[in-house]
1. Quick one: Ser7 ticks every box in (1) assigned to a helix (DSSP H, G or I); (2) in contact with a helix residue (DSSP H, G or I) (Cβ under 9 Å, 6 or more places away or on another chain); (3) among the polar types (S, T, N, Q) bar one, so which box is it?
2. Ser53 is checked against (1) within 28 Å of Val139 (Cα to Cα); (2) surrounded by fewer than 17 Cβ atoms within 10 Å (Cβ to Cβ) and fails just one. What number does that condition carry?
3. Please verify whether Ala98 is more than 12 Å from the chain's Cα centre (by Cα) and either among the hydrophobic types (A, V, I, L, M, F, W, C) or buried (at least 19 other Cβ atoms within 10 Å of the Cβ) (or both), treating the condition exactly as stated.
4. In region 30-50, what residues are surrounded by 17 or more Cβ atoms within 10 Å (Cβ to Cβ) and touching a Ser or Thr at 6+ places or on another chain (Cβ under 9 Å)?
5. Are any residues in region 36-50 within 24 Å of the chain's Cα centre (by Cα) and either assigned to a helix (DSSP H, G or I) or of a type in the set (D, E, K, R) (or both), and if so, which ones?
6. Assuming Ala138 fulfils every condition listed in (1) in contact with a Lys or Arg (Cβ under 8 Å, 6 or more places away or on another chain); (2) more than 25 Å from Gln184 (Cα to Cα) apart from one, which condition is it?
Amino acid sequence: MSPRSASVNEAMRQRSRERLLQATVELVEERGYEATTLADITKRAGSARGLVSYYFSGKRALLQSAVHRLMNQELAAALDAEPRTVDGEELLARAIDAILRLTLSHSTLMRVHMASILQEGFIQCPEQQRLAALLRGAVEAWGAAEDAEEEYRLLRALLMGSTVALLLPGAPMPLARLRAELFQRYGLKWSLGRPPEQEPEQEPAAT
């Protein structure tokens, strides 16, 4: 039997890496971060323990890459959803909605992720870079071509703040209210993207 080519070996390694990332998402959501061990993850992924050390510096790096991969997948699906569009306002609305909805649908995972970022900072990885590229592209399509990097960083900060507000124990902010604030900041119509069933309550006018 002839040895596998370098491209085949690389494809197999990438599949193993993907399985590790998916297993991390599943287990942390099922058991929480502290109760999930690297041995649990490699067992669920059907991978050798050494592959974790080969790809990631530790458990937190694995977690951040796993969450960034999930965010990247959800964001890409939202931007490419039917009906397909190149309208910048619609794309930015879809991007905002994708992150806000992901926060609520994967609240345990996102809570752990935010705590990890605050403690360890952003860990550079391919998944984070792909996520950044998608968000930056949405900002550029919206109309910030000249200062896309600065506007991307602001959008990222606003989304992180909204994520914390949605997950705040005992006092979470309503999705509709946070969405309205973000949409107002970017001049987006409420009907764009995937609006919640209810619009935010209007605050009483100042007297």
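1. The failed condition is (2).
2. Against the list (1) within 28 Å of Val139 (Cα to Cα); (2) surrounded by fewer than 17 Cβ atoms within 10 Å (Cβ to Cβ), Ser53 comes up short only on (1).
3. On the way: more than 12 Å from the chain's Cα centre (by Cα): no; either among the hydrophobic types (A, V, I, L, M, F, W, C) or buried (at least 19 other Cβ atoms within 10 Å of the Cβ) (or both): yes.
For Ala98, the condition - more than 12 Å from the chain's Cα centre (by Cα) and either among the hydrophobic types (A, V, I, L, M, F, W, C) or buried (at least 19 other Cβ atoms within 10 Å of the Cβ) (or both) - is not met.
4. Correct list: Tyr33, Thr36, Ile41, Arg44, Ala45, Ser47.
5. Of region 36-50, the ones within 24 Å of the chain's Cα centre (by Cα) are 36-38, 40-42, 44-45.
Correct list: Leu38, Asp40, Ile41, Thr42, Arg44, Ala45.
6. All conditions pass for Ala138, except number (2).
Read the figures in this text as sums done on the coordinates, not as results from a lab. Bear in mind that the values here come from a model prediction, so they are computed numbers and not experimental data. Methodologically, a virtual Cβ is constructed for each residue, glycine included, from the backbone with ideal geometry; neighbour enumeration extends over all protein chains shown.
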